[in-house]
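Note sheet for the following structure.
The values are calculated or read from the model by the stated rules, or taken from the named source; none is laboratory data. Small disclaimer: the values here were computed from a predicted structure and weren't measured. Glycine gets a Cβ as well: all are built from the backbone with ideal geometry, and neighbour counts include every protein chain shown. For the accessible areas, the whole protein counts, side chains as well, though only heavy atoms, and no ligand, DNA or RNA atoms are used. Shrake-Rupley method; radii C 1.70, N 1.55, O 1.52, S 1.80 Å.
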Amino acid sequence: MTKETPTLQMSLVDLPRRDWLGAIESICENEGFYEPLGRRHFAAYVEKGDTLVVSFETIQGIHALSDYGQPLAWDMARNHNWSSLSIISHGDTWFRDNKVYGFFDRLIDEGVFDEFETILFYGAGPCGYAAAAFSVAAPGARVVAIQPQATLDPRVTEWDNRFTEMRIIDFTSRYGYAPDMLDAAEQAYVMYDPREQLDAVHAALFTRPNVRKLRMPYMGGALQTDLLEMEQWEALLCAAADDRLTVRRFAKMYRARRDYRPYLRNLMKHLEAEERIPMLLALCRNVTSRMNARKFANKLREYDEEPEQKAAEQG
């Protein structure tokens, strides 16, 4: 019996690594192209409509986040008929590789980006750095970068101690300093939690006239996951591609956090740590009035019992 040919509609979840790579390659050969880019990267292209999303993703992130076990950007191909070019790495590499540079050089030389009406570069974290850095290959593109690093050059970001092993990697040559690479973009969106200090400092380095910063306070350090779980990720990319991602529109999307338990727990933790007790109690009452939330009910009970305990101790 022959195996079923993999398609965009087929789940690749739980496939062994070799079979998974084979399935990705098979889909790309039917829908576009697949190209290895050295030992740690490959390009996976699916051709659909005249909007192109250029995503930067990791194999590990795909397996952790995608319901289909496919590049996240392929959701836009399936659901919105976008073309998708995914540059995928094994682990976090920040895509600092001559093979990747050469691939984008060739796309420029062949005029590939000229074939599309709208181009959106996308990535999160190290992939957000790459989305900003390589967007220079397609002047006039739009960019969504979630928690991007500006560079890991220690002469610029020695204060960031999270990725010290990357300090030996050259971030000064081609496609190097991500904020400068955005100068040719029509519009870029940088998303971050201002309470995540290192992310916030990197975001400050992206200050440019064509960069709109979208703040997600109290959300934490995994914003891509949060947007996916709040079911706002696709809407975000669509709004960015259509040039409709205003601060006001994003604020409406971000209202989904009101029913998102990880955000609510983060907010409760911060309010208590900052001793903002009236706001903490107001939050707990609001949450328990709308959902079954034991932690919030326990917190209310804890503060309701405190006056009685103090009175008993004083009596």
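Below are the figures for this structure:
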read-out: Unmet requirement for ALA150, which otherwise passes all of (1) in a loop (DSSP other than H, G, I, E, B); (2) open to solvent by 60 Å² or more (accessible area, probe 1.4 Å); value: (2)
read-out: Of residues in the range 177-200 being touching a helix residue (DSSP H, G or I) at 6+ places or on another chain (Cβ under 8 Å) and under 24 Å from LEU267 (Cβ atoms), the one most open to solvent (accessible area, probe 1.4 Å); value: ARG195
read-out: Index of the failed condition, ALA240 passing every other in (1) in contact with a helix residue (DSSP H, G or I) (Cβ under 9 Å, 6 or more places away or on another chain); (2) closer than 30 Å to TYR177 by Cβ; value: (1)
read-out: Residue check, VAL190 in a strand (DSSP E or B), in contact with a Lys or Arg (Cβ under 8 Å, 6 or more places away or on another chain) and touching a residue at least 40 places away in the same chain (Cβ under 8 Å); value: yes
read-out: Criterion (outside any helix (DSSP H, G or I), of a type outside the set (Gly, Ala, Ser), under 20 Å from the mean Cα position of the chain (by Cα) and surrounded by fewer than 18 Cβ atoms within 10 Å (Cβ to Cβ)) met by exactly one of ARG249, ARG244; value: ARG244
read-out: Residue match in the range 160-173 (condition: modelled with pLDDT of 95 or more, closer than 29 Å to GLU117 by Cβ and either among the β-branched types (Val, Ile, Thr) or open to solvent by less than 10 Å² (accessible area, probe 1.4 Å) (or both)); value: no
read-out: Scope the range 201-229; condition under 14 Å from ALA124 (Cβ atoms) and either assigned to a strand (DSSP E or B) or open to solvent by 60 Å² or more (accessible area, probe 1.4 Å) (or both); matching residues; value: LEU214, GLU229
read-out: Cross-chain or 6+ apart pairs with Cβ under 6 Å, the range 71-99 first and farther than 12 Å from CYS28 by Cβ, then in a helix (DSSP H, G or I); value: TRP82/MET76; HIS90/ILE59; ASP92/PRO126; TRP94/PRO126; TRP94/TYR129; PHE95/ALA130
read-out: Hits in the range 258-306 - residues which are part of a loop (DSSP other than H, G, I, E, B) and either charged (D, E, K, R) or open to solvent by less than 30 Å² (accessible area, probe 1.4 Å) (or both); value: TYR260, GLU274, GLU275, ARG276, ALA293
